[in-house]
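K.L.:
Mind looking over this structure? Questions follow.
Bear in mind these aren't lab numbers, they're just calculated from the coordinates by the rules spelled out. Keep in mind it's a predicted model, so treat the numbers as computed, not measured. Virtual Cβ from ideal backbone geometry, glycine too; neighbours counted across all protein chains shown.
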Amino acid sequence: MKKFLSNRFNILFLIFALLIGVLGYRMAVLTIVEGASYREIADVKKIKDIPIKAPRGKIYDRNGIVLADNISSFTVQMYTDQINRDDFNQTSYTLSKILDENAENPIDEFPILLDTFEYKESGISKEIKYEKTANEEVIDLVKDNIYEWFNYETVIYEENFNPKELILKTIKNDLNDFNIELVDGQYILVDNDKEQDETGETVVANNKSPNEIVIEKLLNENKYIKKLFSNSKIRKFSYEFLKSKGLVNNIELMKFSFSYDNEFKDIKRNLSLNNEEVTERTTAKDDFVILTLKNSLDNLLLTNYESDSGIVMPGKKIIDKLREIYPDLPVEYYENGQTGVFEFTDEKTKQKYINQYNLNDEIKPIDFIKEMAAKNYNALYEFITNDEIKYFAQTELLKYLNPNISIDNWEYTSIRNKRIWISNNVDKDKNSSDYTAEEVFNILRKSLGMNPDISDHDFRNMLVLRERYNKTSYLSYHPVDIAYGISEKSVAMIAERSHELKGINVEVEPLRSYPEKESAAHILGYLGKISQENEIKEYINDNGYSPDDIIGKTGVEEKFEHYLRGEKGKKTVEVNNVGETIKSVSSQTPVPGNDLYLTIDTNLQKKAEESLKKGLEQIQKGGVFESEWGNFKFRDSYENATSGSLVALDVKTGEVLAMANYPSYDLNLFSTGISTEDWNSLQNDSRNPLAPKPLYNIAMLTSIQPGSTFKMITALAALEKGVDPLTEIFCPGTIKVGERNFSCWTYTLYGYGHGWQNMYEAIQNSCNVYFFVTMLGVNPATEQRHTVKVDVNDIIETSKKLGLDSKTGIEIDIPRESTGGVPSIDGKKSSIRVYLRIFLESNLEHYLKDDTKLDEGMKNEIIEEIVSWVDREETMTRTEVYKGLNLLGLNPDKTNDSNVPLVDNIKYSYINQAHWTAGDNLNIAIGQGSNSYTVLQMANYVATIANGGYKRNVSVIKDIKTYDGKKTDYEPIRETERIELTDYNHLEILKEGMRRVSLDDSAKPYANFPVEVGSKTGTAQKGGINPETGEPYDEFAWYVAFAPYDDPQIAVAVVLFQGGSGRYPTPIAREVIGEYLKIKGIN
């Protein structure tokens, strides 16, 4: 043995034999002992689940009428595991040609656009100067020359082109039964003189030619021409046409451009239109802070948030931050569940701060914190952008508006996405931002070995499909959606060429459908793709959504997303080691989402929408509102009356019966995620804040001075203080208070007063002087003393009792309901100071004289000086402001992006708005001045008067059930609180005054009506000048009503932007009440 071991080769042999033995033993264990478990693991790895989309839950009205449904739709899908990369060019070319030929719209996320329009003078301020985008300008020019454009022909992308074929396909994709065909270049009616309208009903063509019918569609329904202009052929063709007529001297055609650049420009432009602090010079981080301060700071400070590290209380964090500057800050933040409250802790120290910083004695703790934070803007800036706070700041801001700012790296998302996309698609030899769109496009053409004979238009269509192909994950057996809702013709063409389209399938999938289109759009809300950082976290990371899933973005679709979403099914497949599908194993049917039942009545909702539209159209031309209840003549025309809102509530429950806004929008545009073109068609880039905006929920978001509809508040405050409603006050038409005259509307229009008026008559005749004297306690014209004197705090408290200082409770989170605002003597000046600081911090450098240098210390001194002007006892004149700015080294004449000089901005937007005077008290008494409320609040206020003082939460949700009709865990909120009054009969006095209003109108609107109605008109002033017309704004027109008078069931509030007269909404509200009576069978 010793001799054997002395041979080194024998030792190596023994070691090798030992290793072989150990390995053999281990292999035996793996195959015999543990083999079953390893085989199971291997099998699991070979079996994969492909998700099957679940239908969203349906949404019904209170009567079971479907408002949101699901229809079967053809979806083109790509299985990337079945497409060889070497074959992709040919596959994408074939498929894109089919889709383009049939005017289908694939999911287009490829960011290089062909042949777009741009003003030759570019930049945000230039866009504002032109009041519309270059694309909108071209579309308007085409509309003005539609007949010539229609018949024009030229060479586009090396082919003869005329738009007729593409126009017809675009319309037919929307209207399947549009009975016009194109034969030999000419439109013909297939069914003689008949065509199908949008509802599928046959209508007579009224002797119009087929060309006239098609052109009428383009002119009257903006969606078609907007969709046409999403096609680069149409854009290039239109430019060549307009160029031939010499109509595009200020516009150029950009052969290549990044959609990201256009998105950034549009976002920045829209933000700057509504926020003068946002300019071309401000960064994404600056803008985020500005928008948070202006929109959602209160919510951020008063809310407690759950995080991975525990509860985060921004209210406490900001106090800690301020204590670094003010160690004895006399405010603490106290937690109260999900919210909190600020409270003063030391009256003596509080008074020290008030005296030192010239604050109001009655300042609220939260306003105190905001004031001190605004004085230290850098600290406030750091607080909002702090890593621990910024996510919650974004969450709150998105409830009001979406600035599309990434808080991870403080970039506008469009700029970030452009940088990332270029990095992923180009082998860089320079910075991403230095590449032009044309350079990248040509790099892609070269790298993909593209045939030079393929036009840029066709190549871009191929790249659209390539973009989807590249976005697939490593799960290559998961299908990638390419196009939704394609036509049967496209399905047939894909099937015919299936041998060339390996990996391309057409599946039937549920597609969200809204049968009533625009009806109740602002209640239902729209859908969209998961895109925001907070959405990615909530839906993809926390709840297992797929990146391609569609979610609710606004309205009840957003609020009840987790009820409506459903449970996906799955198709189980066997895949190989590279993820390719081998065979299908089994399938599991998806479970539809829960069904939502709303409180609205569809018939009443549609009547409200129709009446709003009809009323506004007739007011614009001084026409007649024709009705079965009697025609109503609008004596004057108000051509700018283009927007309005109506809310109808059930007086006994607080349920929303109808909530209509005009204009509205077709929810079906959002079913699969809205296209850029459709989104832009719903935007209004006007500098006029009252311009019609289809996406804007006026009823919930717009707080407006209520005008004379507020007089019941003043009357109730007076009754509660002991005023005898039969006491008469003499109205001479106008009275003098100090150096100002305050007049009745009759005096302003006709030069006379109302004479002697008691409370019933003052409500009936809307006598301003009666309510002025109620506030003054004495009549300056006659020196007659009133029974009592009502002060502004009495009115404020009464407003709060009736819910005008709080949200109504409607179950819609996005957009966030506005609370309106009762007058706040203390808060008015405080808010002005905060907003003035924000403006100066953001823009001061822009207004420096050319020879002025500025350091941080000087900047703070200048800001403090200008803000101090707000606190002067005597309001500064424009001349004084001009001189003051000059002395500070600022140019008073320099304008902002909207061409407003600095001196006018400081004087009229800030200083003039900060002071509280006796005139403010009188204005509040008649619903003018510093109070503003939403239509929703006003409807609930009238319902509370009508039902005997029971204030109820407003609700739009009746119930939530499973798809098969079973109960869920959701219980609709129904809360009732009777307001505290000394005598509830006081409400009967108000109601009687409102009954007289309905009877008194010279048009006798209720002469043929089946029941008595209580109502009140109101005209509210809108200060300022329309920046587009240069003319003063016309007044808001308000109208509130309830019926039947002897058994109130329905309360209605209507507001018309620039409607001119408080009488003018009368027939609109009457139409809705009349429809309600029919529904209820009340004769």
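K.L.:
Place +1 on the Cβ of every Lys and Arg and -1 on the Cβ of every Asp and Glu in the chain, take the dipole about the Cα centre, and give the residue among Met759, Thr345, Val651 whose Cα lies farthest towards its positive end.
P.N.:
Sorting the options by dipole projection puts first Thr345.
K.L.:
Another question, if that's okay. What is the magnitude of the charge dipole of the chain about its Cα centre, with +1 placed on the Cβ of each Lys and Arg, -1 on the Cβ of each Asp and Glu, and no other charges, expressed in debye to the nearest 20?
P.N.:
Dipole size: approximately 1660 debye.
K.L.:
While we're here: Mind putting together the pair-distance distribution for segment 988-1075? All Cα pairs, 5 Å bins, whole percent per bin, short to long.
P.N.:
Spelled out per bin, shortest first, that is 3, 14, 24, 22, 14, 9, 6, 5, 3, 0.
K.L.:
Also, I was wondering about something else. So what's the Cα pair-distance distribution over segment 671-819, bin width 5 Å, in %?
P.N.:
2, 8, 14, 15, 14, 10, 9, 9, 7, 5, 3, 2, 1, 0
K.L.:
Considering amide H positions built from the backbone, and no H for Pro or chain starts, which residues 5 or more places from Ile112, or on another chain, come under 5 Å of its amide H?
P.N.:
The list, which skips near neighbours in sequence, is Ser259.
K.L.:
With unit charges on the beta carbon (Lys/Arg positive, Asp/Glu negative), name the residue among Tyr152, Asn360, Pro210 whose Cα is farthest towards the positive pole of the charge dipole of the chain.
P.N.:
Asn360
K.L.:
Could you work out the relative contact order of segment 825-916, using alpha carbon pairs under 8 angstrom and six or more residues apart, expressed as a whole percent?
P.N.:
Rounded, it is 40 percent for segment 825-916.
K.L.:
What is the Rg over Rh value, at two decimals, for segment 353-455, using alpha-carbon atoms and the Kirkwood definition of Rh?
P.N.:
In segment 353-455, Rg relative to Rh is 1.30.
K.L.:
If you line up the long axis of helix 825-843 against the longest principal axis of the chain, both from Cα atoms, how many degrees apart are they, to the nearest 10?
P.N.:
Approximately 40 degrees, to the nearest ten.
K.L.:
Okay, moving on. Roughly what angle does helix 347-357 make with the longest principal axis of the chain, taking Cα atoms, 0 to 90 degrees, to the nearest 10?
P.N.:
90
K.L.:
Could you give P(r) for segment 825-916, binned at 10 Å from zero, as whole percent values over all Cα-Cα pairs?
P.N.:
P(r) for segment 825-916, in whole percents per bin: 16, 54, 27, 3, 0.
K.L.:
Another one. Can you put Thr734, Thr589 in order, fewest other beta carbons within 10 Å first?
P.N.:
Final ranking by Cβ density, sparse to dense: Thr589, Thr734.
K.L.:
Another question, then. Tell me, what is the percent relative contact order of segment 454-583, built from C-alpha pairs under 8 Å that lie six or more residues apart?
P.N.:
About 21 percent, as a whole number.
K.L.:
What size of dipole, in debye to the nearest 20, comes out for segment 297-398 about its Cα centre when the only charges are +1 on Lys and Arg C-beta atoms and -1 on Asp and Glu C-beta atoms?
P.N.:
The calculation lands at about 280 debye.
K.L.:
If you don't mind, there's one more thing I want to ask. Name the long-range amide H neighbours of Leu598: under 5 Å, sequence gap of 5 or more, or other chain; modelled H, no Pro or chain starts.
P.N.:
Sorted by chain and number, the residues that satisfy this are Tyr60, Asp61, Arg62, Lys958.
K.L.:
Still on this structure: Could you list Lys364, Lys614, Lys428, Lys853 in order of exposure, starting from the residue whose Cβ has the fewest other Cβ atoms within 10 Å?
P.N.:
Lys853, Lys428, Lys364, Lys614
K.L.:
Next up: Decide, for segment 420-486, between rounded, prolate and oblate: order the square roots of the alpha carbon gyration tensor eigenvalues as a ≥ b ≥ c, take rounded if a/c falls under 1.5, and otherwise choose prolate if a/b is larger than b/c, else oblate.
P.N.:
It comes out oblate by the Cα gyration axes.
K.L.:
Considering Cα pairs under 8 angstrom that are at least six residues apart, work out the relative contact order of the chain and quote it in whole percent.
P.N.:
15
K.L.:
Calculate, in nm to one decimal, what Val1011 and Glu992 gain on full extension: separation in residues at 0.36 nm each, minus their alpha carbon distance.
P.N.:
5.4 nm
K.L.:
Obtain the nm distance between the two label points defined at Glu496 and Ile354 by a simple spin-label model: each point lies 7 Å from its Cα along the Cα-to-C-beta direction.
P.N.:
Each label point lies 7 Å from its Cα, and together they span 8.4 nm.
K.L.:
Collect residues whose amide H, placed 1.01 Å from N in the peptide plane, falls under 5 Å from the amide H of Gln588; neighbours closer than 5 in sequence don't count.
P.N.:
Correct list: Lys570, Lys571, Thr572.
K.L.:
What is the order of Tyr750, Tyr563, fewest Cβ neighbours within 10 Å to most?
P.N.:
In increasing order of surrounding Cβ atoms, one gets Tyr750, Tyr563.
K.L.:
For the chain, what percent of Cα pairs sit more than 42 Å apart?
P.N.:
Tail of P(r) above 42 Å: 49 percent of Cα pairs.
K.L.:
How large is ³J(HN,Hα) for each residue in segment 936-943, as worked out from phi by the Karplus curve 6.51 cos²θ - 1.76 cosθ + 1.60 (θ = phi - 60°), to whole Hz, x for Gly and Pro?
P.N.:
Ordered by residue, 3J(HN,Hα) equals 4, 5, 5, 5, 5, 4, 5, 4 Hz.
K.L.:
If I fit a long axis through the Cα atoms of helix 134-144 and take the longest principal axis of the Cα atoms of the chain, what angle between them do I get, 0 to 90°, rounded to 10?
P.N.:
80
K.L.:
Using only alpha carbons, build the gyration tensor for segment 297-398 and give me the equivalent ellipsoid semi-axes, biggest first, whole Å.
P.N.:
Ellipsoid half-lengths, sorted descending, are 24, 15, 12 Å.
K.L.:
Which one of Thr917, Thr292, Thr714 is farthest out on the positive end of the charge dipole of the chain, using unit charges on Cβ (Lys, Arg +1; Asp, Glu -1) and the Cα centre as origin?
P.N.:
Farthest towards the positive end: Thr292.
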